[in-house]
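Notes for the one structure printed next.
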Amino acid sequence: MAPSSSTLSTPGTLGTLGTLEITYAEGPVVVGAGLAGLLAATALSPFPVTVISPAPLGVDTSTGWAQGGIAAAVGPDDDPALHAEDTLRAGAGLCDPEVVRSVTDAGPEAISWLLALGARLDRGPDGALALGLEGAHCRRRVLHAAGDGSGAELLRVAVAAARRTPSVTVVEGVRAVRVLTDAHGVAGVLAEGAGPRRVVATRSVILATGGLGGLYAHTTNPLASRGQGLALAVRAGAVVRDVELVQFHPTALDVGLDPMPLVSEAVRGEGATLVTASGAPAVTDPLAARDVVAHALWAARQAGHATCLDARATLGPRFGDHFPAIESACRAAGLDPSVDLLPVRPAAHYAMGGVLVDAAGRTTVPGLWAVGECASTGLHGANRLASNSLLEATVCSRRLAATLRD
């Protein structure tokens, strides 16, 4: 991107800005540097693309915090149709069935692509991919990395892929404050960083800014996740959908930290149970859909009962072998999951709604695209099925890139 002394004086939002220095991007500008944004940028190769990120790559993104893994029907007893059925059931009637089938059908190929990029997913003694079980899945189909380090591993892969792709330019320490439009649609991004504000001129902007959980008092999200993409899209005139649908994860570690450490649903997939402080069962089915479990725990708390996760009998001293990052978080709080009940409570975790997009990621504003958690694709409905978010980010980023390249 080369600086220019040109000024802007065109209709629409550009005309309200006065005289600003313009930088001309050679191709699309990606706003955000989590899994969805970096994979989209990489998949756009060999077309030039610029990624702008307010933080250094790998920092302040929800991707890196994802523990549960990525869901895909790759097991010998599984099928994408079963994955689709589970997704539709969890979505409580608000999923788009065509989108669900399309994304779940693409799951196995998405895993193959991530492996080709260098993802180190967990494997069993026979070398086959290890598959975990999470809530509302009828099969073991969740792939992990380093037990509970799945998001961190996929983010590592995405960062490395973007950095080694010559067509991708990454600009760190720059924040988008407005998507600019003119009579033809998107015209650029108003950005700020260490120096004065400037315009990055482009006809294609891809929003990949993540969610909005950082706005909540109890959250598992980075506090920097404040719905920036949603705000940018609305100010640009884009339609949004289902923004009231925010998923609360049932088991955030309740030890007074903000944000709250997550205790992955995969822990319950390995047999841990949810109980009150007295040891009584807190839910009927600890592997029900997240909204069901979260409501049950909230009801118990409203009735005056503390809620806890009990992994002592099922995992015990093996807890750290399966979930090293979670064990580390517990020990930092003075808890030993092999012998202690873990205090947990529901916390804001994932935004199902967002910027309305079509199957390729187009919004209702020409030239504006969205992908990842900030987008509303129709996959999740009213309640996201566990570990479908990393799948959506991978599948939809590739589709967006393929459409933009055409």
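Every read-out reported here was derived from the displayed coordinates using simple, explicitly stated rules and does not represent laboratory data. Everything quoted here is computed from the prediction, not taken from an experiment. Ideal geometry is used to build each Cβ from the backbone, glycine not excepted, and the neighbour counts take in all protein chains shown.
Take the Cα atoms of the range 248-348, find their three principal axes, and give me the spread along each one in whole Å, biggest first.
32, 28, 24
Would you compute, for the Cα atoms of the range 31-78, the largest minus smallest coordinate along each principal axis and list the three values in descending order, in whole Å?
In descending order, the Cα extents are 42, 27, 11 Å.
Place a +1 charge on the Cβ of each Lys and Arg in the range 197-270 and a -1 charge on the Cβ of each Asp and Glu, then give the dipole magnitude about the Cα centre in debye, rounded to the nearest 20. Present the calculation step by step, with values, prior to reporting the outcome.
Values: 7 positive and 6 negative charges, 143 e Å.
Dipole magnitude for the range 197-270 comes out near 680 debye.
Under a crude label model (7 Å from the Cα following the beta-carbon direction), how far is residue 257 from residue 306 in nanometres?
Calculated label separation equals 1.8 nm.
Of all the C-alpha pairs in the chain, what % are more than 40 Å from each other?
Numbers: 13327 of 82215 pairs.
Roughly 16 percent, rounded to a whole number.
Dipole magnitude of the chain about its Cα centre, charges +1 at Lys/Arg Cβ and -1 at Asp/Glu Cβ only, in debye to the nearest 20? Please list the in-between numbers first.
On the way: 30 positive and 37 negative charges, 181 e Å.
About 860 debye.
Once R0 is set to 25 Å, what does the formula 1/(1 + (r/R0)^6) return for the Cβ-Cβ distance between residue 184 and residue 98, expressed as a FRET efficiency to the nearest 0.05? Provide the component values of the computation, followed by the final result.
Working: r = 30 Å, r/R0 = 1.20.
E between residue 184 and residue 98, to the nearest 0.05, is 0.25.
Sort 69-75, 139-145, 278-284 by packing, meaning the average of other beta carbons within 10 Å per residue, with the highest value first.
By packing density, highest mean first, the sequence is 69-75, 139-145, 278-284.
Considering the options 179, 62, 92, tell which one lies farthest towards the positive end of the dipole of the chain, charges being +1 on Lys and Arg and -1 on Asp and Glu at the Cβ, about the Cα centre.
Of 179, 62, 92, it is 179.
How far apart, in nm, are two points set 7 Å out from the Cα along the Cα-to-Cβ line at residue 403 and at residue 24?
Spacing of the two 7 Å Cα→Cβ label points: 2.8 nm.
Please compute the length gained on full extension between residue 109 and residue 299, using 0.36 nm multiplied by the number of residues separating them and subtracting their Cα-Cα distance.
Additional length available on full extension: 64.3 nm.
I want to check the label-to-label distance for residue 243 and residue 314. Put each point 7 Å from Cα in the C-beta direction and report it in nm to one decimal.
3.8
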